[in-house]
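Values in this text are rule-based calculations from the coordinates and carry no lab data. These numbers come from a predicted model, not from an experiment. A quick note on method: Cβ atoms are made from the backbone with ideal geometry, for glycine too, and the neighbour counts reach across all protein chains shown.
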Ligand SMILES: [Zn+2]
Ligand SMILES: [Zn+2]
């Protein structure tokens, strides 16, 4: 038997035995085709051919995947070719299959390779960080804008993107209410990526399919951190948050306390109340995005606000009459 036939016989024996998750689709002289699978999403098909002068030349390797990024596969193909070169003169197939199997085990974040690269393009500040921790399948992210920051750990579960990312251990110097709101919204975005909406779509809509949540969530967080510090009050047009976060007004009763309305835009507390208490009534909307204004500190209906305003006006007229009388 020739060199290749001997190697193929051993590959048939060893691949299933030593590499759980590796399935040989074909193992003949013209082509070795193996599927290496860790989860439904983390799966690679390796197509391996023997060059004419094998084993004095490296194997010809082509990697395919229905789920993993093309760019990742290109890079991985180059690395595999270098691996094969290390075994020149010897058997090369098993080392390559082992290498690929280990790659999938040791790099759980490979399932969001493109998303990670897209997010990195958004993080352009010198103090921004996006550190991959393959060992724990997590990412340490620091999003910074001027003196404001939002730090977090993002965990990518093994069955990603079927399950969404988890955002953990957050730390920030935005006002506490902002932190809660930002984190709550980000978690909601993640949830919506993987859970079908309660409201049924049209009968002809395709069935719900979980979507990757990493890029969507981090984009939202980056936008919050990089835009909020410059946001103006929708009423008086002054910048709401102080340049230095240590001067944030913590007292909720203070007229200048910054309030975030439901759409995400900002008001000073008194500016919000003044705006809500004065006409025209009936359709109070955010100047910037046009959304109807909701805020937990303002629970008065438009009708009641209008009545109160009318009362106040009447009282002012009365007082003016009294004043006139004494002049
Ligand atoms: Zn204001
Ligand atoms: Zn708005």
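With neighbours defined as other Cβ atoms within 10 Å of a residue's Cβ, the residues 287, 257 order from fewest to most as 287, 257.
Could you give the angle, 0 to 90 degrees to the nearest 10, between helix 214-227's Cα long axis and the longest principal axis of the Cα atoms of the chain? Value to nearest ten degrees: 40.
Order of 111-122, 154-165, 79-90 by packing, highest average Cβ count within 10 Å first? Intermediate values should be presented prior to the final figure.
Numbers: 111-122: 18.1, 154-165: 19.7, 79-90: 14.7.
Put in order of decreasing packing, that is 154-165, 111-122, 79-90.
With neighbour counts taken as other beta-carbon atoms within 10 Å, the residues 222, 243, 258 rank, fewest first, as 243, 222, 258.
Helical runs assigned H by DSSP (4 residues or longer) give the chain a calculated mean residue ellipticity at 222 nm of -12500 deg cm²/dmol, each run adding -39500 (n - 2.57) before division by the residue total. Comparing segment 232-327 with the 2.2 N^0.38 Å rule of thumb, its C-alpha radius of gyration ratio is 1.32 (two decimals). Between the Cα long axis of helix 3-18 and the first principal axis of the chain there is an angle of about 40°, rounded to the nearest 10.
Most simply put, the chain has about 100% antiparallel DSSP beta bridges, counting only bridges with both residues inside it.
Remark on segment 129-229: hydrodynamic radius 14.6 angstrom, per the Kirkwood mean of 1/r across alpha carbon pairs. If you build the convex hull over the alpha carbons only and average its shadow over all orientations, what do you get for segment 3-106? Give it in nm² to one decimal. Orientation-averaged projected area of the Cα hull: 5.9 nm².
The relative contact order of the chain comes to 9 percent, based on Cα pairs under 8 Å that sit 6 or more residues apart. Applying the Kirkwood pairwise sum to the alpha-carbon positions of segment 150-308 produces a hydrodynamic radius of 18.0 angstrom.
Counting every Cα pair in segment 268-322, what percent are over 12 Å apart? Numbers along the way, then the final one.
Numbers: 1017 of 1485 pairs.
Tail fraction, whole percent: 68.
Sorting 100, 24 by the number of Cβ atoms found within 10 Å of their own Cβ, with the fewest placed first, yields 24, 100. Given a cut-off of 33 Å, what percent of all Cα-Cα pairs of the chain lie beyond it? Counting every Cα pair in the chain, those more than 33 Å apart make up 51 percent.
If contacts are Cα pairs under 8 angstrom and at least 6 residues apart, what is the relative contact order of segment 232-327 in percent? Could you put the intermediate results ahead of the total?
Working: 96 pairs, mean separation 20.9, N = 96.
For segment 232-327, the relative contact order is 22 percent.
Each principal axis of the Cα atoms in segment 60-171 has its own extent, and those three values, largest first, are 58, 29, 23 angstrom. Protection proxy ranking of 9-15, 197-203, by the mean of other Cβ atoms within 10 Å over each peptide's residues and highest first, is 9-15, 197-203.
Return one number: the angle in degrees, 0 to 90 and rounded to the nearest 10, between the long axis of the Cα atoms of helix 113-122 and the longest principal axis of the Cα atoms of the chain. Once rounded, the angle reads 40 degrees.
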